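The block underneath contains the structure these notes are about, expressed in structure tokens.
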Amino acid sequence: MMIDFNTLDDRHAHDLLTSAIIPRPIAWVTTVNLKGEHNLAPFSFFTGITWRPPAIAVSIVNRGDGSEKDSLRNIRETREFVVNSVSVEHGKRMTGTAEALPPGTDEAYRGGIETIPSSRTRPRRVKDARIAFECGVRDIVTVGEGPSAGNLVIGSVLVMHVDREILIDGREISWLGLDSLGRLSGNRFCAVRSVIEI
Ligand SMILES: Cc1cc2nc3c(=O)[nH]c(=O)nc-3n(C[C@H](O)[C@H](O)[C@H](O)COP(=O)(O)O)c2cc1C
């Protein structure tokens with residue numbers, strides 16, 4: 001069956017794309033604005049780009065009313081963000097931070113999620129995230145306009161924080177140790193519980 005995206009309404013296109021591109025790791029993004037108000041929100045349109053220069057990307061889509069999400073606004077202001085990893089144990093707390101709250105409300109504080117200062121950037125980082133990437137903004141590419149337009153935030157990775165216990169020989173992350181939570185679609189997630197060696 002062939003599906004022509006020109007014939008689909010927004011929700012239908014969303015449902016097809018987000019259930020086809022799976023599983024997705026989740027970037028739990030901490031940001032801060034110039035007033036010093038902190039923000040935490042999850043984004044699963046998240047990937048790596050290259051390692052030289054080390055760069056990662058997160059897509060923050062506009063809200064249904066066409067406005068930009070707080071994370072994106074903060075990133076535009078300070079040109080910095082931190083991507084914190086999400087392990088299975090963080091699932092419930094992570095989804096709690098996806099609530100649309102008034103700007104200036106710190107989802108981490110509200111959700112009892114402890115954050116600590118970062119080393120090179122102003123946004124704080126999630127204390128018990130097993131990995132955190134401190135990033136400077138390299139570029140923001142906007143795709144479309146108005147509601148659901150994508151804003152691909154491309155970050156240069158300045159430093160990476162890793163829980164010592166999941167680092168193998170200083171150069172590889174243990175997939176079992178990271179216990180990454182994968183986004184399927186809607187409110188369904190998956191875990192890495194087996195490896196297929198090919
Ligand atoms: C698991 C999960 C993944 C999400 N992925 C994305 C995403 O890739 N892009 C996006 O714009 N919103 C995504 N969202 C929704 C945002 O987290 C949500 O709009 C949040 O309120 C944005 O917060 P902010 O306004 O504080 O930036 C996701 C939500 C959840 C629970």
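Run SER156 past the list (1) more than 16 Å from the ligand (Cβ to nearest atom); (2) free of Cβ contacts under 8 Å to residues at least 40 places away in the same chain and report the number of the one that doesn't hold.
Answer for SER156: the failing condition is (2).
Among all residue pairs at least 6 apart or on different chains, which show Cβ distances below 8 Å where the first residue, located in segment 66-77, is over 14 Å from GLY136 (Cα atoms) and more than 9 Å from the ligand (Cβ to nearest atom) and the second is modelled with pLDDT of 95 or more and among the hydrophobic types (A, V, I, L, M, F, W, C)?
Sorted first by the residue in segment 66-77, then by its partner, the pairs are GLY66/ALA149.
Mind checking which residues of segment 18-47 are surrounded by fewer than 14 Cβ atoms within 10 Å (Cβ to Cβ), over 17 Å from the mean Cα position of the chain (by Cα) and either within 11 Å of the ligand (Cβ to nearest atom) or farther than 23 Å from GLU99 by Cα (or both)?
ALA20, the sole residue that qualifies.
Yes or no: segment 79-99 includes at least one residue that is within 11 Å of the ligand (Cβ to nearest atom), more than 30 Å from ARG193 (Cα to Cα) and β-branched (Val, Ile, Thr).
no
Report the residue count in segment 2-17 for those that are part of a helix (DSSP H, G or I) and either surrounded by 12 or more Cβ atoms within 10 Å (Cβ to Cβ) or small (Gly, Ala, Ser) (or both). Explain how you work it out, then say what you get.
Quick first cut of segment 2-17, residues part of a helix (DSSP H, G or I) only: 5-7, 10-17.
Then keep just the ones that are either surrounded by 12 or more Cβ atoms within 10 Å (Cβ to Cβ) or small (Gly, Ala, Ser) (or both); that gives 12-17.
The qualifying residues number 6.
Going residue by residue through segment 52-60, is there one that turns out to be in contact with a Cys (Cβ under 8 Å, 6 or more places away or on another chain), more than 9 Å from the ligand (Cβ to nearest atom) and among the hydrophobic types (A, V, I, L, M, F, W, C)?
Going residue by residue through segment 52-60, those that are in contact with a Cys (Cβ under 8 Å, 6 or more places away or on another chain) are 56.
Applying the additional criterion that residues be more than 9 Å from the ligand (Cβ to nearest atom) yields 56.
The next check asks that each one be among the hydrophobic types (A, V, I, L, M, F, W, C); those that pass are 56.
The answer is yes; a qualifying residue exists.
Among the helices (runs of 4 or more DSSP H) lying completely within segment 48-156, list those that include at least 1 residues that are surrounded by fewer than 20 Cβ atoms within 10 Å (Cβ to Cβ) and among the small types (Gly, Ala, Ser). Can you show your working first?
On the way: elements: 70-78, 91-96, 107-110.
Those helices (runs of 4 or more DSSP H) span 91-96.
If ALA108 satisfies all but one of (1) modelled with pLDDT under 95; (2) within 10 Å of the ligand (Cβ to nearest atom), what's the number of the condition it fails?
(2)
Name the pairs whose Cβ atoms lie under 8 Å apart, with the first residue in segment 1-29 and of a type in the set (Asp, Glu), the second surrounded by 13 or more Cβ atoms within 10 Å (Cβ to Cβ), and 6 or more positions between them or separate chains?
ASP10/PRO147; ASP10/SER148; ASP15/SER185
So that you can scan it fast, the table gives a plain yes or no per residue for (1) farther than 22 Å from ARG24 by Cα; (2) free of Cβ contacts under 8 Å to residues at least 60 places away in the same chain; (3) touching a Leu at 6+ places or on another chain (Cβ under 8 Å):
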{"site": "ARG79", "(1), (2), (3)": "yes, yes, no"}
{"site": "VAL82", "(1), (2), (3)": "no, yes, no"}
{"site": "VAL88", "(1), (2), (3)": "no, no, yes"}
{"site": "LYS92", "(1), (2), (3)": "no, yes, no"}
{"site": "GLU99", "(1), (2), (3)": "no, yes, no"}
{"site": "GLY104", "(1), (2), (3)": "yes, no, no"}
{"site": "ARG110", "(1), (2), (3)": "yes, yes, yes"}
{"site": "ILE113", "(1), (2), (3)": "yes, no, yes"}
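The values are calculated or read from the model by the stated rules, or taken from the named source; none is laboratory data. Being a predicted model, the structure only gives us computed values, none of them experimental. Every residue, glycine among them, receives a Cβ derived from its backbone with ideal geometry; neighbour counts consider all protein chains shown.
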